[in-house]
Structure formats: structure tokens, C-alpha cells
1. Is there a residue being within 30 Å of Gly270 (Cβ to Cβ), in contact with a helix residue (DSSP H, G or I) (Cβ under 7 Å, 6 or more places away or on another chain) and modelled with pLDDT under 95 anywhere in region 202-211?
2. Please verify whether Ile432 is within 26 Å of the chain's Cα centre (by Cα), assigned to a helix (DSSP H, G or I) and not small (Gly, Ala, Ser), treating the condition exactly as stated.
3. Name the strands (runs of 3 or more DSSP E) wholly within region 73-151 that hold at least 2 residues that are touching a residue at least 24 places away in the same chain (Cβ under 8 Å) and either within 31 Å of the chain's Cα centre (by Cα) or in the same structural domain as Leu174 (by TED's automatic domain parsing) (or both)?
4. Can you go through Tyr292, Tyr253 and tell me which one is assigned by TED's automatic domain parsing to the domain that holds Glu458, buried (at least 23 other Cβ atoms within 10 Å of the Cβ), more than 30 Å from Ser393 (Cβ to Cβ) and touching a helix residue (DSSP H, G or I) at 6+ places or on another chain (Cβ under 6 Å)?
5. Of everything in region 329-361, what is aromatic (Phe, Trp, Tyr), out of contact with any His (no Cβ under 6 Å at 6 or more places or on another chain) and within 22 Å of Arg378 (Cα to Cα)? Give them in sequence order.
6. Can you name the condition, by its number, that Arg49 falls short on among (1) surrounded by 18 or more Cβ atoms within 10 Å (Cβ to Cβ); (2) more than 30 Å from Ala117 (Cα to Cα); (3) basic (Lys, Arg)?
7. Identify, please: which residue in region 429-475 is among the small types (Gly, Ala, Ser), more than 12 Å from Val416 (Cβ to Cβ) and touching a strand residue (DSSP E or B) at 6+ places or on another chain (Cβ under 6 Å) and is, among those, surrounded by the fewest Cβ atoms within 10 Å (Cβ to Cβ)?
8. Quick one: which of Arg339, Arg378 is charged (D, E, K, R), within 22 Å of Leu517 (Cβ to Cβ) and surrounded by fewer than 24 Cβ atoms within 10 Å (Cβ to Cβ)?
Amino acid sequence: MPFGVERRYLPGTNVLETTFHTDGGTVRVVDVMTLGGPGLAPFRELVRRVEGVTGRVSLAWRVEPRFGYAEASTRIERRLGMPVATSGAGAVAVQCWNTEAMVTDGGAIAGSVDVGAGESALIALSIADREPLVFSSREQVERRIGATARTWAGWSGSRVYDGPWADAVIRSALALKLLVHAPSGAVAAAATTSLPEDVGGERNWDYRFCWVRDSAFTMGAFLGLGCAADARAYFWWLMHASQLTHPRVRVLYSLNGGAHTPERVLGLRGYRGSGPVRIGNAAAGQLQLDTYGELLQTAWLYAGGGNRLDHDIARQIADTADLVCRMWRRPDAGIWEVRSRPEHFTQSKMMCWVALDRARDLAERGLIPGDHTRRWVREAESIRDFVETQCFSAAKHSYTRHAGSEELDASLLLGVLLSYGDPATDRWAGTIDAVRRELQDGLFVRRYTGEDGLEGSEGAFLTCSFWLVEALAVSGRLDEAAALMSQLVGLANDVGLYAEEIDPATGAFLGNFPQGLSHLALISAALAVAGATAP
């Protein structure tokens, strides 16, 4: 039957509402990951409620449980009359009201729904992994739907942002909150793995981990939007996770704080034939010197928000600064985790300078041990000398991607965002202009020019467009920043979410989705413009 469809999140919530219009009538489908309240609940539940609006509409539904990335066997049995799919210690129960659930020969659980105006049906997936499987009554599930909507509305209504593009900022905050791993406080980079940056190509990565690279933006967003509890939880998770590899910092950690994230390829075809499909991420073993700057920036922001650094954490931060003094001269893989040979990436050096500058400031305020402050200052001066003499192109009037090159990199904009030098200087003005001239394509900014060790190409990295907005704002070019930002907020999908990348030619989303860093960069850009325009 032909139909039209429209979607929205209920205002201020992560409750998704999809409305189908057919010749026979209209039906509304509400999808909810239920919450028992503001704290952790002893169940994991995904609920779909089908509501008749006008006329009468029939829909088919189907659940195909696949455990262990479809590598494990699945058994379906009935418990208390309800179908339950199990494999090892994992289980998924399908509870239905006003619809029947039938087990098919193909290992699926399926049924149909026929609703008229004012009628409704309910399907609830109860999920367990090494824990009890929870069965509920319809009344209990319905109450949780309402409680979930109220909890989200209460959370979003408590955000303190009232500047421009408020709807996009709050939706980004809600998306970020969905990426928080509640038991630990970690924030996943994305909810998906192996959605391609280049359809049909090999640029497919697992982003279901927490990157230190994102930490400063995460802390800035939490503090800037008044999410004090989330900021504390995230900071302590980050400090404890990095303690496992202290004084070195891993590029990424698993959501439970583990440092073991081996990468392997699954025997799956992949989205639109884009293989390989990967789980795990080998970038965890790379040297990315920028992570040290982001870690110290995160601690600096956290302390600046009036939070306490205990003795052990303060010593850990000082030790990290000492390590930067010993390591900054090494080439690395850079912020983009290239799989070509290591280089002296300019943004990595700038972030090493940020690490030592923030350590110096924390020590001078008595928040971390300052025994080696003079060394930090001396090495920071050496880093600056290296960057200014080896990583600047007089021909382009711009900092370059790495020492001795003429290539450009949008991550250079992070230097101006994190106060490496005065944004009003000719060098920064020239760098911003060079990024716009060579990397910008309409609204979109590509990450870099030059080799990265991979075949194929990619789309424009949405985060870089928001970085450009923020760089323009902090450089005093507010009209340009606001004009670009107003166009970028219109690139979200129909429910306000962003992927990792976008195809400038078609506007199609590319890469993993929703991408936390895209939403973090949007929040940071909006806060920067709002701060620059405030009286």
C-alpha cells in the first residue's frame, strides 16, 4: 500500500514519533528506549507503540535476533507464552499486546497490527546480557513510556543555553546524552560501526568507543550547558581509564574503561556493499600526541568549573605533562589516525604546547604539583619555536599539515580554538583563509590534503565546518561565523541529527551515525558565537 511518512522527536525528548499516512487512514508509531527514572534501572527495554489516528491501517512487524554479529547460534523458545530468543548469556524477549507474535521458520519473530482510530498495540523488547530477563505488564510498560518522556523533557528543560540556534543545541545535547554509557559515564563517539565514509570503499571504522580526542569538547559542552553531573561522571571515567595506561594515554578506550580494543573483520557484506565490516579499532595502538593536549585541556576546564582535583589525579596530570616533555619531538599518526607513515603533524605539536601550558596554569594555581613547572615552560617554548619555524608556509600564509609540507589540515583550526597564539595575528588570519580557500567546498570543509595510507576518498567532515564557525567567531569575524552556522544547522536530518561526514555533491550522510563529535562541535560553535556577541 502506498504511504507517506513524517518523523519527529517529541519536543525536548528522545522519544521518536513516526506518522504514516495511507489511503485507508493514518497511524502513529512511537519508539522509546524506556527509562525507569533518572537513575539506572534493572532492565533494558525498547518499546514500540502503534496508535490509530484516523481510518484503519494494517502494518506488519518483524524481529530477527542476531547474536554475536550473526556469528552465534540463536534459539527461540516460549516463556510464559512469550517468544524469547537466546544465545549464551544473552536473551531478547518479545512481549506483545493487541498483536500476536509468531515464530517463523527463518528464525524470526513476526506479526501484524490492525488498528483503527483510538486503538493501539504495543510491542516491547526486553533485553538481558548476563542478568535477569525482565517481563512486564502492559500497564507497567505504558507508565515507563510516559515517565521516559517526562524524564527527557525535564533534563533538556534544565539546560542553561538560551543563545542562537537553541533548538539545534538542545537536540545535539540530547543526542550526546544518548551516547553516554550510563554505568561508567563514558561517551561513545557514535552508536554504530562500519558505516562507510566512502560507499563501496574501505574507510569503515568502529566508533563505539570513547576517544580522548573528543574529551575537551565533551567537557566544554557539559559545562557550557550546565550538565554538572555528566561532567563529573565523564571526568572521573576519563581519569580512571587513562590511569590503566598511565602515564601514556591511549587514543581510545572501551566504554567500561578497558584499553584492549583489538580490531577484526566480520564476514558481513556491509552497508551498500561497503566492506570490510570492522569491530574493534586498531587506532588504539597508535601514537597520537594531540591526545595529551586534549586530556590536559579537559582537566583544566574541569578545574575551571569549580571542581576539585584530588591528590592522585593531580599527580597523574603532572606526570602526563612530564611525559609530553619527553615525547613531543616524535612523529605521530595525528588526530585523523592516518595509516600512512608517522609525521610531525602541526596540530599534534600545538596540542603538546596546550598540554604544557595548561599544566603550568594548574600548577601556578596550586591545583597540581609544580615541581617541574620550569621544564614545562621551557619545553613549551621549544614546541612553539618548532611550529613557527618548521610548520608555517610563507607561500600560503598558513600553518601546514605537518613540518616541511605545503599541505593543509582543518584540524589546524583547533590551535586558534585552544589559544595557541593570538587569533588576531596575521598567521592565524592567513591559516583560516587558507583552509577556506583549499579545503572548503560550499558549506563543507574537508579534513586535509595529502596521503593518509588508505584507498579511495571521503566526504566532508562535518565537525570541520563547525570548527571553522568557531574559528571565525573567536577571530572577530562574527558575521561570517553566524552566516555559516545558520546554514550548517539546516544540514541535519529530519530529526536534527548529524552523521560523521556529508557528500558535498549530493548532501548524503556518510560515516557513522549519529556522530558525537559533529554534535559536540555544533554546541561548541554555538557557545562561541553566543559568547562573542554577548554584551
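The values are calculated or read from the model by the stated rules, or taken from the named source; none is laboratory data. Quick caveat, the model's predicted, so the values are computed rather than measured. Every residue, glycine among them, receives a Cβ derived from its backbone with ideal geometry; neighbour counts consider all protein chains shown.
1. The answer is no, given that none of the residues of region 202-211 is within 30 Å of Gly270 (Cβ to Cβ), in contact with a helix residue (DSSP H, G or I) (Cβ under 7 Å, 6 or more places away or on another chain) and modelled with pLDDT under 95.
2. When the stated conditions are applied, Ile432 passes them.
3. Counting at least 2 such residues, we get 90-97, 120-129.
4. Tyr253
5. Within region 329-361, Trp353 is the sole residue that qualifies.
6. (2)
7. Ala434
8. Arg339 is the lone residue from the list that is charged (D, E, K, R), within 22 Å of Leu517 (Cβ to Cβ) and surrounded by fewer than 24 Cβ atoms within 10 Å (Cβ to Cβ).
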